[in-house]
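Accompanying notes for the structure given below.
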Amino acid sequence: MGIVLGIESSCDETAAALVTTDRRIVAQRIASQVEAHAPYGGVVPEIAARAHAEKLAPMIAEVMQEAGLELTELDAIAATAGPGLIGGVMVGLVSAKALAMASDVPLIAINHLEGHALSPRLADETLEFPYALLLVSGGHCQILMVERVGKYRRLSTTIDDALGEAFDKTAKILGLGYPGGPAVEQLAKSGDADAVPLPRPLVGSGEPHFSFAGLKSAVLRAKESGVHRDEDIAASFQKAAVDCLLDRLRVSLDPLDHVPSLVVAGGVAANQKIRSALEGFATDRSMRFVAPPLALCTDNAAMIAWAGAERLASGQSDPLDFAARPRWPLDPDAAPVRGAGAKA
Ligand code: KG4
Ligand code: ZN
């Protein structure tokens, strides 16, 4: 049995965790910066980097102390090395490098998306490769085939906004707080999902990708028209989002040979309407539906430690001069997508 320290600092969560190779989370700490960014309606990179710099070192000391371990007793130190907000990524990666060098423990530089992609296997030891992963958060919106550790095939990505971002923008338009997803879901409960005609961007197209910019603009127009109730706009937006997800999954997965499992990860996976729609999609295709506990779906360090443990088990580690990567596609062979920016 081995033990890996994981560090996550690529967006607005500062986190450290100790995870064993037999799937035990020994200690973990996470500090969300939601309150610091809330006045701006989104993550401010410099505020994020400063908070990581302040919080990370004491957090690492705390998890080590809780586990009663010295750094030299670790089997590896894994840190998110990208993609993400580069100031934050640097804080985590440089800390990991310093600790790895000082204690002569291997460094493992983790792709944050690989952390999300492998995290379901931390929660569920029966989940075998391959599986299809829908990753939907504030920063990511992708459908991936997870073939094995280190082998990911991107089937779909977004050409503009991520789905969580679309929820957050809708919340802003409706005057709800940040993060907006939970607020939109709550308001939608008392609304009529068929009341406001909203577009389903790219639905019906053979291209497998997502697009939410047009939906967001339509939400803005619906609000500005003054004709609709906010709860109806929220419910109609959520229904449009579900329709887009299901259609994109159909285009991406139906042409493939039978895929045994569909896994969802990312903060948007908290949404009950989305969960039940995905469950229905999987059941219709005799696929197993796996939704890991929410604490593992959203950004956390246990998933980074676990990805490190999986890579360690396959004999991999990284050099101490591994450079942070603001962009780092999980599938280097994926075809470029028209219009896609940082989220591809
Ligand atoms: O994974 P996450 O915590 O952080 C990253 O973005 O990486 O995801 C946060 C996103 C936010 O955009 C938030 O609005 C969305 O997940 N979200 C939701 C719900 N809960 C969180 N979206 C829809 N419905 C929810 N219940
Ligand atoms: Zn993430």
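For Leu107, Leu71, what's the fewest-to-most ordering of other Cβ within 10 Å of each Cβ?
If I rank by nearby Cβ atoms, fewest first, I get Leu71, Leu107.
Rg and Dmax of segment 263-344, Cα atoms, in Å?
Reported Rg and Dmax, both Å: 16.6, 48.
Can you give me the angle between helix 45-67 and the longest principal axis of the chain, using Cα atoms only, in degrees from 0 to 90, rounded to the nearest 10?
50
With N set to the residue count of segment 145-284, report its C-alpha Rg divided by 2.2 N^0.38 Å to two decimal places.
Normalised by 2.2 N^0.38 Å, the Cα Rg of segment 145-284 equals 1.08.
Give me the Kirkwood hydrodynamic radius of segment 118-164 in Å, from all C-alpha pairs, to one decimal place?
11.4
Of Lys151/Lys273; Lys151/Lys216; Lys151/Lys189; Lys169/Lys189; Lys151/Lys172, which sit over 28 Å apart, Cα to Cα?
Violating the 28 Å limit, Cα to Cα: Lys151/Lys273; Lys151/Lys216; Lys151/Lys189; Lys151/Lys172.
Give the shape of segment 223-313 as rounded, prolate or oblate, defined through the alpha-carbon gyration tensor: a ≥ b ≥ c are the square roots of its eigenvalues, a/c under 1.5 means rounded, and otherwise the shape is prolate if a/b is larger than b/c and oblate if not.
Judged from the Cα gyration tensor, segment 223-313 comes out oblate (a/c at least 1.5, b/c at or above a/b).
Determine the shape class of segment 140-181: with a ≥ b ≥ c the square roots of the Cα gyration tensor eigenvalues, call it rounded for a/c under 1.5, and otherwise prolate if a/b is greater than b/c, oblate otherwise.
Working: a/c = 5.96, a/b = 3.01, b/c = 1.98.
Since a/c reaches 1.5 and a/b is larger than b/c, the shape of segment 140-181 is classed as prolate.
When only C-alpha pairs under 8 Å and at least 6 residues apart count, what is the relative contact order of segment 1-149, in percent?
Computed over segment 1-149, the figure is 22 percent.
If you count, for each residue, the other Cβ atoms within 10 Å and average over each peptide, how do 295-306, 148-159 line up from highest to lowest?
Highest to lowest by the protection proxy: 295-306, 148-159.
From the Cα gyration tensor of segment 70-159, with a ≥ b ≥ c the square roots of its eigenvalues, which class applies: rounded if a/c is under 1.5, or else prolate if a/b is larger than b/c, or else oblate?
oblate
Out of Ser314, Ala183, Ala100, whose Cα points farthest toward the positive end of the dipole of the chain (charges: +1 Lys, Arg; -1 Asp, Glu; placed on Cβ)?
About the Cα centre, the residue reaching furthest to the positive side is Ala183.
So how do Glu114, Glu147, Glu8 line up by other beta-carbon neighbours within 10 Å, fewest first? Walk me through the intermediate numbers first.
Details: Glu114 23, Glu147 13, Glu8 30.
The most exposed by this proxy come first: Glu147, Glu114, Glu8.
Please report, in whole Å, how far the alpha carbons of the chain spread along each principal axis, starting with the longest.
Rounded to whole Å, the extents work out to 63, 47, 33 Å.
Looking at the chain only, what percent of DSSP beta bridges run antiparallel? Nearest 5 please.
Details: 25 of 42 bridges.
Of those bridges, close to 60 percent are antiparallel.
Write down the radius of gyration of segment 122-226 and its Dmax, each obtained from C-alpha positions, in Å.
Answer for segment 122-226, Rg first and Dmax second: 16.5, 51 Å.
I need two numbers for segment 281-322: Rg to one decimal and Dmax as a whole number, Cα atoms only, in Å.
Final numbers for Rg and Dmax: 15.5, 48 Å.
Which FRET efficiency value, to the nearest 0.05, is calculated for Asp254 and Arg229 with the Förster distance at 41 angstrom and r the Cβ-Cβ distance?
0.65
Tell me the angle of helix 272-284 to the major Cα principal axis of the chain, expressed in degrees between 0 and 90 and rounded to the nearest ten.
90
At 222 nm, what value in deg cm²/dmol follows for the chain if DSSP H runs of at least 4 each add -39500 (n - 2.57) and the sum is divided by all its residues, to the nearest 500?
Working: 11 runs with 143 residues, N = 344.
It lands at -13000 deg cm²/dmol.
Please give the Cα centre distance for segment 284-344 versus segment 195-214, rounded to the nearest Å.
One Cα centre to the other: 26 Å.
Using alpha carbons only, how many degrees (0 to 90, rounded to 10) separate the axis of helix 213-225 from the longest principal axis of the chain?
50
Only the coordinates and a few stated rules stand behind these numbers; no lab work does. Because the structure is a prediction, the values reported are computed rather than measured. No Cβ is skipped: glycine too gets one built from the backbone with ideal geometry, and neighbour counts run over all protein chains shown.
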